[in-house]
Structures are given as structure tokens and as C-alpha cells.
Amino acid sequence: QVQLVESGGGLVQPGGSLILSCAASGSRFSINAMGWYRQAPGKERELVATIITSGSTNYGDSVKGRFTISRDNAKNTVYLQMNSLKPEDTAVYYCRLDGSWSGWGQGTQVTVSS
């Protein structure tokens, strides 16, 4: 069984920054990709960013140039640096792991508001 533990969400003013982290723990699992998705009230879950083992990244159009995903392979942890946050970035952010086990974290709330 693999667990994904997310942290770093919270309330931030427009233009501010936050860092999310997601740590994967468990026994005998391999990781192909980790990433972040988000879901705002009344909307479908959407891609924020993903990173594969080689380090190649992919971003949703709405966050390109503002968010950066990174990964510490030794710690099985993925990070999301979010800069220039906008009210429309408000959502529950979910960590995703794809590999020998695939699944979601519990989600962390990010609220961008003055």
C-alpha cells in the first residue's frame, strides 16, 4: 500500500506564493510520474503539472510561467512552487502518482483571496 501525504496549502493574497509538497511512502513501489491536479467548486479536475522520472515536465496552460514542479527522487517527494497566484487558482490541489501503484492524495485547499 502506498500513501500520499500532501502539505503546504492555505490562504494567500493575489500575487503571492505557496509551495505544495507531496510525499509518497510505502513498500515496494516504483514511480513513473508524479503530479498535481486541481478541482475548483463546480468544475472538473484539471491538470496543473506533472513530472516523470527523467525530469521532463508538463504544465496546464493556465499555470505555465507561474508554477514550477520539481521532484526529489530519493525522498519520493514532489513539489509545486506556485507564484503570482490569482483568485482563479483557488481549488483543492490533489497529488497524483502513477507507477506500480497509481492513486491520489487526499487533497489540500489553496485559497487565493484578499
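Yes or no: region 72-83 includes at least one residue that is modelled with pLDDT under 95, within 14 Å of the chain's Cα centre (by Cα) and not hydroxyl-bearing (S, T, Y). The answer is yes, given that some residue of region 72-83 is modelled with pLDDT under 95, within 14 Å of the chain's Cα centre (by Cα) and not hydroxyl-bearing (S, T, Y). Selection of region 80-102 for residues being open to solvent by 10 Å² or more (accessible area, probe 1.4 Å) and assigned to a strand (DSSP E or B) yields Q81, V92, Y94, R96, D98, G99.
Reported count of residues in region 63-76, each being buried (at least 18 other Cβ atoms within 10 Å of the Cβ) and outside any loop (DSSP other than H, G, I, E, B), is 3. Within region 1-15, residues that are among the β-branched types (V, I, T) reach partners that are open to solvent by 60 Å² or more (accessible area, probe 1.4 Å) with beta carbons closer than 7 Å, at six or more positions or on different chains, in the pairs V2/W101. The residue that is farthest from G99 (Cα to Cα), counting only those in region 44-56 that are in a strand (DSSP E or B) and open to solvent by 60 Å² or more (accessible area, probe 1.4 Å), is E46. Considering only region 29-66, state which residues are charged (D, E, K, R), under 20 Å from S17 (Cα atoms) and in contact (Cβ under 8 Å) with a residue 24 or more places away in the chain. Once the filter is applied, which keeps residues that are charged (D, E, K, R), under 20 Å from S17 (Cα atoms) and in contact (Cβ under 8 Å) with a residue 24 or more places away in the chain, region 29-66 yields only R38. When the residues of region 1-43 are filtered to those that are part of a loop (DSSP other than H, G, I, E, B) and not small (G, A, S), which remaining residue is least open to solvent (accessible area, probe 1.4 Å)? Within region 1-43, the match that is least open to solvent (accessible area, probe 1.4 Å) is F29.
The values are calculated or read from the model by the stated rules, or taken from the named source; none is laboratory data. Fair warning: this is a prediction, and the values are worked out from it, not measured in the lab. Backbone-built Cβ (ideal geometry, glycine too); neighbour counts: all protein chains shown. Just so you know, the surface numbers come from the protein's heavy atoms only, side chains and all, with ligands and any DNA or RNA stripped out. Shrake-Rupley method; radii C 1.70, N 1.55, O 1.52, S 1.80 Å.
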